[in-house]
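Some notes on the structure that comes next.
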Amino acid sequence: LYPLNASSQAALYAHAILNLREFKINEALHDVNTLIEQNPDNPFFWELKGQIYFESGQVHNARIAYQKAYNLLPNASAFQLNLAQAMLEDSPSPKEINTIISLLNKSLIKSKNAYAWLMLAQAYGMQDNMAYANYASAEFSLFLGEIDTAEKQVREAQKQNPPATLEKKLNDIDQRIKQLQKKRASF
């Protein structure tokens with residue numbers, strides 16, 4: 001659909017993706033930078049630039065591009081997730097970890113994503129907040145169907161004397177686990 005000599009925005013976008021898949025990073029960046037020059041307020045072009053950087057191991061540059069995409073479309077859960085991931089992998093400060101947690105929680109409101117729970121567990125762990133880290137790990141495990149592991153993680157979180165709001169969430173997970181165990185036992 002998009003020959004290499006085509007220069008429409010759709011063609012450049014397709015070429016950038018193709019070049020990324022073929023790991024032609026400089027060519028992919030050239031294509032996406034051309035798109036950004038033409039339309040600097042398109043968050044999807046910035047998101048693609050972030051993806052190119054991230055997949056080529058340039059995490060700090062990915063973070064900058066993802067931040068721009070997020071600034072342009074802050075309610076997009078995918079942009080929240082991408083920015084949080086890049087921030088997590090870019091040696092975040094304690095203040096940035098709070099931002100990461102906020103981004104991931106916002107993302108999880110709109111889109112249940114196993115990887116978001118895993119990153120949230122990591123971020124809480126970086127704060128040494130083991131009750132919340134175990135809670136997020138339990139959600140991740142439950143998402144994957146690892147019921148026994150989720151149950152152990154809930155018990156570990158409960159040992160940490162969690163605040164009342166977290167205790168309610170842990171009780172909710174515990175109820176879901178019991179329902180799944182009943183279903184499993186009936187098979």
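The values are calculated or read from the model by the stated rules, or taken from the named source; none is laboratory data. Predicted model only: the values in this text are computed from it and were never measured. Neighbour counts run over all protein chains shown; Cβ positions are idealised from the backbone, glycine included. Remember, those area values only see protein heavy atoms, side chains included, never the ligands or the DNA or RNA. Shrake-Rupley method; radii C 1.70, N 1.55, O 1.52, S 1.80 Å.
Along its first, second and third principal axes, ordered by size, the range 1-92 spans 42, 25, 19 Å in Cα coordinates.
Per-residue 3J(HN,Hα) values for the range 100-106, derived from phi via the Karplus relation 6.51 cos²θ - 1.76 cosθ + 1.60 with θ = phi - 60°, read 4, 4, 4, 4, 5, 5, 4 Hz in sequence order (x marks Gly and Pro). Of interest is the spacing of the C-alpha centroids, which for the range 14-43 and the range 135-178 amounts to 42 Å.
With an 8 Å cut-off on Cα pairs and a minimum separation of 6 or more residues, tell me the relative contact order of the chain in percent. Relative contact order, the chain: 10 percent.
Extension gain for Leu73-Ser111 works out to 12.1 nm (0.36 nm per residue, less the C-alpha to C-alpha distance). Straight-line reach from Lys106: taking Cα to Cα under 29 Å and skipping same-chain neighbours fewer than 8 places apart, the lysines in range are Lys49, Lys68, Lys95, Lys152, Lys159, Lys168, Lys169, Lys178.
A simple count of charges around Ile64, restricted to other residues whose Cβ falls under 11 Å of its Cβ and scoring Lys, Arg +1 and Asp, Glu -1, yields +2. Here the ratio of the Cα radius of gyration of the range 44-133 to 2.2 N^0.38 Å is 1.01. Surface composition of the range 78-187: carbon plus sulfur atoms hold 52% of the accessible area, using a 1.4 angstrom probe and ignoring ligands, DNA and RNA. Once all protein chains are placed together, Leu73 keeps about 70 Å² accessible to a 1.4 angstrom probe. Look at the dipole of the chain built from charges on Cβ: of Ser111, Pro3, Ala69, the Cα furthest out on the positive end belongs to Ser111.
Dividing the Cα radius of gyration of the range 120-183 by 2.2 N^0.38 Å, with N the residue count, gives 1.02.
Highest average first, the peptides 87-99, 147-159 ordered by how many other beta carbon atoms sit within 10 Å of their residues are 147-159, 87-99.
Enter the accessible area per residue of the chain (Å², integer; probe 1.4 Å; all protein chains in place).
Dividing the accessible area of the chain by its residue count gives 55 Å².
For Leu144 and Asn98, a Förster radius of 25 Å and the Cβ-Cβ distance give a FRET efficiency of 0.40, rounded to the nearest 0.05.
Evaluated at q = 0.18, 0.19 Å⁻¹, a Debye calculation over the C-alpha positions of the chain (equal weights, vacuum) places log10 I(q)/I(0) at -1.08, -1.15.
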